[in-house]
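> Input: one structure, supplied below.
Read-outs: derived from the displayed coordinates by stated rules, not from any lab. Just so it is clear, the model here is predicted, and its values are computed rather than measured. Positions of Cβ are backbone-derived with ideal geometry, glycine not excepted, and every protein chain shown enters the neighbour counts.
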Amino acid sequence: MSSVLYDVPGPKARRVSLIGSVIGVVLIAALLAWAVMTLAQQGIFQAQRWAIFGQADVWTLLANGIGATLSAAAIAAVIAFPLGLLLCLMRISDVAWIRVPTRIVLEFLRGMPVVLMMLFVLLVFATSSFIAVVAGLVLYNAAIFAEIIRAGIQSLPRGQREAGLAIGLTSFQSRLTIELPQAVRRMLPSLVAQLVVLLKDTSLGYIVAYGELLRAVQVMADFLGPQFLFPVFFVAAAIYIAINLAVSRLAIWIERRGSKKAAGGVAKAPTAGVSTVVK
Amino acid sequence: MDVIIESLPQYWDGFLRTLFLAAVSGIIALVVGTLLAAARVSPVAALRGFSMAYVEVVRNTPLTIAFFFAAVVLPRLGVTFQQFEVAAIIALSAYTSAFIAEAVRSGVNSVPVGQAEAARSIGMKFSQVLSLIILPQALRTVVPPLINILIALVKNSSVAGAFFVLELFGYGKQLANDHGDAVMWVLVGVAIFYLLITVPLGYLAHLVERKVAIAR
């Protein structure tokens, strides 16, 4: 697409853009240099501040933080997905007294900050912070999964359902055995993208005092002294971003794989998920 | 139940601050996000690279990390704020602009190729093609996803409550501490005020989506 927007740059345009790029790079380098100088003045780069990463305890704490982050995300995802399927089936049920209340509940859950749900579970049910984090993540993401799968079912050709009903399946059987499997498959990229959101949202556990990665940083800074805050934060942020990037890459890979199959005859995945997966 | 009516002044103050945070960060993020999207499709390779790297990194950074950086780490490094609202606005707009950039870029890709070709064939420069022809059409098609991003921004602003800003969530925590016997109602009150913003916005997105669908 990008090449459609402009002519192939000639020698003059190439020169201008090269000069501009060089100036830009120099500016960014200057900014970085200023930041590094400021940090150096604070003594951030003194070797003993980073020497703590030579201690096994620091890595144990960080590893515990990562473990807590990943286990909350994994458990929440495993519970949220079936719940999302169930909510989706209820949302598109033929029976009005199931469909309408489900719709209201879904609107409610989607319009709510996740951290508020975590705090609600933590304080009202007086649970551990782990359960609060998982419950908050499950409630929110089940609602999002339900909406994504619903979008998938609605994007199927109508003939799928008609054919199911025509061979004598009940409405529920048709949903379960014909429509759901196709919808989940179509929406796989959106679902995995939502998993990234879920993983990111575990960091909200910091606010309800769950011992995840960021909380581990805070604990270490309190314990070792504030001068270690920056190094530990820096490493923890890098770990977080690396994990999320890896899962995002997985989502992109799944999407590519899906669209390759699409060329072989299966309909292309719709982009309706784009509007639902924002966070 | 009484606790909600009793604390209405706090709720109202928090509600206004949430709206303020979301509005200011939303406007900054819309502008920065559109510029990032423009950089992403520009002929200058350095701009494309910068925009791509920014979007990729920020989209994969948890919001709490961004807040922690702006509100806890930056002050330690000598960048102090008079008010923590500034830190919150920095974190929220930096985070949201990456999502806006992605949405706008997908809008740019959805504009038919002939539009850009026609614009170029009458002698327009890249900046003219983008600002006069492509972006006006692209932005129109991405209004529903943009509203969804703004809804997410309103909900994300709740994280500010954990970083020293007294908005809805911050007041919610405070009130829950003060009224230990009525925690549930306090938090239900907070939830109602959030829904007051997010549900109408969601309805608006739905309406716009239908309208766009008919126009196309």
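> Taking the mean number of other Cβ atoms within 10 Å as a proxy for protection, how do you rank A:89-95, B:55-61, A:21-27 from highest to lowest?
B:55-61, A:89-95, A:21-27
> Per residue of A:32-44, what is the mean number of Cβ atoms on other protein chains within 10 angstrom of that residue's Cβ? Before the final figure, lay out each step's value.
Working: counts 0, 0, 0, 1, 0, 0, 3, 2, 0, 2, 3, 0, 2.
Per residue, the number of nearby Cβ atoms from other chains is 1 on average.
> Pairs on different chains or at least eight residues apart, Cα atoms closer than 16 Å: how many lysine pairs in the protein assembly as shown fit?
Working: A:Lys12/B:Lys125; A:Lys200/A:Lys279; A:Lys200/B:Lys155; A:Lys260/A:Lys268; A:Lys279/B:Lys155; B:Lys155/B:Lys173.
Lysine pairs meeting both conditions in the protein assembly as shown amount to 6.
> If neighbour count is taken as other Cβ atoms inside 10 Å, put A:Glu107, B:Glu102, A:Glu162 in order from fewest to most. Before the final figure, lay out each step's value.
On the way: A:Glu107 17, B:Glu102 22, A:Glu162 10.
Ascending number of Cβ neighbours within 10 Å: A:Glu162, A:Glu107, B:Glu102.
> Rounded to the nearest 20 Debye, what is the dipole magnitude of segment B:130-213 about its Cα centre when Lys and Arg each give +1 and Asp and Glu each give -1 at the C-beta? Don't skip to the end; give the middle numbers.
On the way: 5 positive and 4 negative charges, 87 e Å.
In debye, rounded to 20, segment B:130-213 gives about 420.
> Can you tell me the FRET efficiency between A:Gln227 and A:Ile28 if r is taken as the Cβ-Cβ distance and R0 is 30 Å, rounded to the nearest 0.05? Mind showing how you got there, number by number?
Values: r = 28 Å, r/R0 = 0.93.
For A:Gln227 and A:Ile28, the calculated efficiency is 0.60.
> Ranking request for peptides B:36-48, A:244-256, A:57-69: highest mean number of other beta-carbon atoms within 10 Å first, then the rest in descending order. Please report the intermediate quantities before stating the final value.
Details: B:36-48: 19.9, A:244-256: 14.9, A:57-69: 17.5.
Top of the packing list down: B:36-48, A:57-69, A:244-256.
> Turning to a different aspect of this structure: May I ask which residue of B:Leu77, B:Val154, B:Ile122 lies farthest towards the positive end of the charge dipole of segment B:60-163, with charges of +1 (Lys, Arg) and -1 (Asp, Glu) on Cβ and the Cα centre as origin?
Farthest along the dipole direction, towards plus: B:Ile122.
> Which value at 222 nm does chain B reach when only helices count, each DSSP H run of 4 or more adding -39,500 (n - 2.57), with the total divided by all residues and rounded to the nearest 500 deg cm²/dmol? Walk me through the numbers on the way to the answer.
Details: 10 runs with 160 residues, N = 216.
Result for chain B, helices only: -24500 deg cm²/dmol.
> List the residue ranges in chain A for DSSP H helices whose C-alpha atoms run 30 angstrom or more along the long axis and whose Kyte-Doolittle average is 0.0 or above. Before the final figure, lay out the partial values.
Working: long enough: A:11-41 (44 Å, 1.43); A:56-91 (50 Å, 1.62); A:129-155 (39 Å, 1.50); A:229-263 (51 Å, 1.01).
Span-like helices in chain A: A:11-41, A:56-91, A:129-155, A:229-263.
> Further, regarding this structure: Report the label-to-label distance for B:Ser110 and A:Ser93 in nanometres (one decimal), using points 7 Å from each Cα along the Cα→Cβ vector.
For B:Ser110 paired with A:Ser93, the spin-label model returns 3.3 nm.
> Shielding by partners for A:200-208, please: the mean number of other protein chain Cβ atoms within 10 Å of each residue's Cβ. Don't skip to the answer; put the middle values down first.
Numbers: counts 7, 3, 2, 9, 7, 1, 7, 9, 2.
Shielding by partners across A:200-208 averages 5.
> Next question, about the same structure. Going by Cα centres, segment B:164-183 and segment A:77-122 are how many Å apart?
Measuring centre to centre over Cα atoms gives 25 Å.
> Taking amide H positions as placed 1.01 Å from N in the peptide plane, with prolines and chain starts having none, which residues 5 or more places from B:Leu166, or on another chain, fall under 5 Å of its amide H?
none
> Between B:Val199 and A:Lys12, take the C-beta separation as r, use R0 = 45 Å, and let me know the FRET efficiency to the nearest 0.05.
Values: r = 54 Å, r/R0 = 1.20.
Computed FRET efficiency for B:Val199 and A:Lys12: 0.25.
> Given the Cα-Cα distance of A:Phe45 and A:Val78 and 0.36 nm per residue of separation, how much length would full extension add, in nm?
Numbers: separation 33, 0.36 × 33 = 11.88 nm, distance 4.21 nm.
Roughly 7.7 nm would be gained on extension.
> Still on this structure: Would you mind giving the mean number of other chain beta-carbons within 10 Å of the Cβ of each residue in A:241-250, as a whole number? Write out the running numbers ahead of the final one.
Numbers: counts 8, 1, 1, 5, 5, 1, 1, 3, 1, 0.
Across A:241-250, the average partner-chain Cβ count within 10 Å equals 3.
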